[in-house]
Structures are given as structure tokens and as C-alpha cells.
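Structure record follows, encoded as C-alpha cells.
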Amino acid sequence: MTLRPILIHPDPRLKTVADPVDSITDEIRRLADDMLETMYDAPGIGLAAPQIGQMCRLLVMDAAKEEDESARPMVLVNPTVTWTSEARSVYEEGCLSIPEQFAEVERPAEVEVQWLGLDGETHAERFDGLWATCVQHEIDHLDGKLFIDYLKPMKRQMITRKMVKLKRERARG
Ligand code: K1U
Ligand code: ZN
């Protein structure tokens, strides 16, 4: 398994709609392994393939953060939201592609998602709580959307300027 560098906003690949995965191959299995390792190392609770420059519809997540919850690494290929609740919830989101910036985002409190697993089977599950927030955040990445796109333009611009500065400083070393 290999740690992959995570792209930092602004980057055109983070604004691009990713392509569906045709079939589950060894390359896809390796990519999923690398993404889980990269996510746990960051640390994060989710990661979408475009965040490491791979423009395919694959995401990984493990939002089991309660003390009594055991780790549950999940790999979702070609995920689609098939149902959203009327009820909404607000969560202070972060993003590994927008380090150290957090903002409240309102989303459906529960969602049903269908996806292809690494076993080649179709899976479906209803998510709530942090899992629901996380899976929606990651599917947004597959559609070229970032959590800051939900914020008012002034706040979004302020965060983007901070990220441009951060990237310049990191490039200087
Ligand atoms: O997609 C990403 O950039 C990962 C992101 C996912 C996410 C966080 C919060 C709300 C929705 C989606 C992160 O994992 S940011 C890091 C983070 O939230 C976290 C890290 C360690 C422990 C707990 C949370
Ligand atoms: Zn993110």
C-alpha cells in the first residue's frame, strides 16, 4: 500500500466531474487500498479519488468515531444517492483538500446510497449522523463540488485566498 499526496484547493481536478468505474479490477482494488491508507494517515473520515488526482467515481470512508464503534472501512464504487430525508442536519465540515478550515453545512440528515462493492455486488444502505454527512461530502467530490461551494461567496473567497497562500508557502518549502 502507498500513501498518495492529497491535492489542495484550488486545483482544476477538484472542480471536475469524475468518470464512472467500468469494472472492478486489481488496479481499482489497489487504488482503494491506497486511499484507505491515505485517509487513516491524514487522518480523515473520508477520501474521494479526485482528491488524489484519480478522476474516477470511487470513495472510501470510515466515520466510526464513537468510542464504542469499531472501525468500519468502506469502499464505494459508482455511488448514487437514491433517497434523501426531508429532515436536515448541520455539521461543521472540514476537508483534507482544504486544511484547517471548517464551516457549518446543512444537508439531508439521512440518505440512501447504492454502490458497487469491490466484491462486484450492488450494495444499498441508509446512512445517518456523521456517516450521512460524510458520504454526501465525498459524493460531492466525485461531482467536482467542495463544501465551500455551500458557503456565502465572501467566506468562500477568504478560504480560497488562504489556500493559495498555503500552497505558495508549501511550494517554497
Ligand atoms: O473528503 C475529505 O476531505 C475528508 C473529510 C471528510 C469529512 C469531514 C467532516 C465532515 C464531512 C466530511 C475529513 O475527513 S476532514 C478530517 C476530519 O473531519 C476528521 C479527522 C479525524 C477525526 C475526525 C474527523
Ligand atoms: Zn473533502
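At a glance:
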| read-out | value |
| --- | --- |
| Check on Ala71, out of contact with any helix residue (DSSP H, G or I) (no Cβ under 6 Å at 6 or more places or on another chain), free of Cβ contacts under 8 Å to residues at least 60 places away in the same chain, among the hydrophobic types (A, V, I, L, M, F, W, C) and not in a strand (DSSP E or B) | yes |
| Boolean, Leu31 is of a type outside the set (Val, Ile, Thr) and within 14 Å of ligand 2 (Cβ to nearest atom) | no |
| Long-range neighbours under 6 Å by Cβ, at least six apart or interchain, first residue without any contact (Cβ under 8 Å) to a residue 12 or more places away in the chain within region 155-173, second open to solvent by less than 90 Å² (accessible area, probe 1.4 Å) | Arg156/Ile148 |
| So Thr133, is it open to solvent by less than 20 Å² (accessible area, probe 1.4 Å), touching a strand residue (DSSP E or B) at 6+ places or on another chain (Cβ under 9 Å) and not small (Gly, Ala, Ser) | yes |
| Residue count, region 100-121 (criterion: more than 16 Å from Val135 (Cβ to Cβ), open to solvent by 40 Å² or more (accessible area, probe 1.4 Å) and not aliphatic (A, V, I, L, M)) | 6 |
| Checking Glu86 against (1) of a type in the set (Asp, Glu); (2) under 23 Å from Arg13 (Cβ atoms); (3) loosely packed, with under 12 Cβ neighbours inside 10 Å, the condition it does not meet | (2) |
| Flag for Val81 being closer than 21 Å to Pro20 by Cβ, away from ligand 2 (no atom under 16 Å from the Cβ) and surrounded by fewer than 16 Cβ atoms within 10 Å (Cβ to Cβ) | yes |
| Output for region 7-18, where each listed residue is buried (at least 18 other Cβ atoms within 10 Å of the Cβ), part of a loop (DSSP other than H, G, I, E, B) and touching a Gly at 6+ places or on another chain (Cβ under 9 Å) | Ala18 |
| Flag for Thr2 being of a type in the set (Ser, Thr, Tyr) and open to solvent by less than 30 Å² (accessible area, probe 1.4 Å) | no |
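The values are calculated or read from the model by the stated rules, or taken from the named source; none is laboratory data. What you see is a predicted model; the values in this text were computed from it and never measured. FYI the Cβ positions are ideal-geometry reconstructions off the backbone, even for glycines, and counts take in every protein chain you see. These area figures cover heavy atoms from the full protein model, side chains too; ligands, DNA and RNA do not enter into them. Shrake-Rupley method; radii C 1.70, N 1.55, O 1.52, S 1.80 Å.
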